[in-house]
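Data block below; observations after.
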Ligand code: FES
């Protein structure tokens, strides 16, 4: 599987999220950092497929312990994207396998978001 660099680990503040605009032919992605661990998802709500953030990089609820869709308030677990509350409860965000290398680069599959 070919990988492409998404960002540097330090581009995402620890405990926070960052969105990545769609490149040509790609859906947008977003990433949440917890220490050296990064969770990456396709930025599309399983409810009706829209981007989760209205404000740039605002993907977490105010407590910072769940992903929230700004449109109808669906809540998703950070660690696996499972929807625990809201109109798409029981559905999941599309997870993107991400790797952080020793140099601090975050890698995702080349076709992530396609
Ligand atoms: S579009 Fe996300 S909860 Fe409705």
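The values are calculated or read from the model by the stated rules, or taken from the named source; none is laboratory data. Just so it is clear, the structure is predicted and the values come from calculations on it, not from any experiment. FYI the Cβ positions are ideal-geometry reconstructions off the backbone, even for glycines, and counts take in every protein chain you see.
Report yes if some residue within region 91-107 is in contact with a strand residue (DSSP E or B) (Cβ under 7 Å, 6 or more places away or on another chain), free of Cβ contacts under 8 Å to residues at least 12 places away in the same chain and surrounded by 14 or more Cβ atoms within 10 Å (Cβ to Cβ); otherwise report no.
Just the residues of region 91-107 that are in contact with a strand residue (DSSP E or B) (Cβ under 7 Å, 6 or more places away or on another chain), to begin with: 91-101, 104-107.
Filter once more, keeping what is free of Cβ contacts under 8 Å to residues at least 12 places away in the same chain: 101.
Now restrict to residues that are surrounded by 14 or more Cβ atoms within 10 Å (Cβ to Cβ): none.
Checked against the condition, which is being in contact with a strand residue (DSSP E or B) (Cβ under 7 Å, 6 or more places away or on another chain), free of Cβ contacts under 8 Å to residues at least 12 places away in the same chain and surrounded by 14 or more Cβ atoms within 10 Å (Cβ to Cβ), region 91-107 yields no hits at all.
Would you be able to say whether some residue in region 28-35 is within 13 Å of the ligand (Cβ to nearest atom), over 13 Å from the mean Cα position of the chain (by Cα) and farther than 22 Å from residue 114 by Cα?
Pass one, region 28-35, residues within 13 Å of the ligand (Cβ to nearest atom): none.
The answer is no; no qualifying residue exists.
Here is a check on your reading of the model: is residue 86 farther than 11 Å from residue 5 by Cβ and touching a strand residue (DSSP E or B) at 6+ places or on another chain (Cβ under 8 Å)?
yes
Take the residues in region 67-84 that are loosely packed, with under 13 Cβ neighbours inside 10 Å and either over 12 Å from the mean Cα position of the chain (by Cα) or within 16 Å of the ligand (Cβ to nearest atom) (or both), then tell me which one is nearest to residue 16 (Cα to Cα). Walk me through it before giving the result.
Restricting attention to region 67-84, the residues satisfying the condition of being loosely packed, with under 13 Cβ neighbours inside 10 Å are 73, 79-80, 84.
Next, from what is left, pick out any that are either over 12 Å from the mean Cα position of the chain (by Cα) or within 16 Å of the ligand (Cβ to nearest atom) (or both): 73, 84.
Details: 73: 18, 84: 20 Å.
Once the filter is applied, the top-ranked residue is 73.
Conditions first: (1) in contact with a strand residue (DSSP E or B) (Cβ under 9 Å, 6 or more places away or on another chain); (2) surrounded by fewer than 16 Cβ atoms within 10 Å (Cβ to Cβ); (3) more than 13 Å from residue 33 (Cα to Cα); (4) at pLDDT 95 or above. Residue 56 passes all but one, so which condition is the exception?
Among (1) in contact with a strand residue (DSSP E or B) (Cβ under 9 Å, 6 or more places away or on another chain); (2) surrounded by fewer than 16 Cβ atoms within 10 Å (Cβ to Cβ); (3) more than 13 Å from residue 33 (Cα to Cα); (4) at pLDDT 95 or above, the lone unmet condition for residue 56 is (4).
Tell me whether region 2-16 contains one or more residues that are within 16 Å of the ligand (Cβ to nearest atom) and within 16 Å of residue 81 (Cα to Cα). Lay out the reasoning, then the answer.
Start the filter on region 2-16 by keeping residues that are within 16 Å of the ligand (Cβ to nearest atom), which leaves none.
No: region 2-16 contains no residue that is within 16 Å of the ligand (Cβ to nearest atom) and within 16 Å of residue 81 (Cα to Cα).
Among the numbered conditions (1) within 24 Å of residue 63 (Cβ to Cβ); (2) surrounded by 13 or more Cβ atoms within 10 Å (Cβ to Cβ), tell me where residue 35 comes up short.
Tallying (1) within 24 Å of residue 63 (Cβ to Cβ); (2) surrounded by 13 or more Cβ atoms within 10 Å (Cβ to Cβ), residue 35 fails exactly one: (2).
Restricting the search to region 69-81, which residues are touching a strand residue (DSSP E or B) at 6+ places or on another chain (Cβ under 7 Å) and more than 12 Å from residue 39 (Cβ to Cβ)?
Correct list: 74, 75.
Could you tell me whether any residue of region 39-50 is more than 17 Å from residue 112 (Cβ to Cβ), surrounded by 12 or more Cβ atoms within 10 Å (Cβ to Cβ), away from the ligand (no atom under 16 Å from the Cβ) and within 15 Å of the chain's Cα centre (by Cα)?
The answer is no; no qualifying residue exists.
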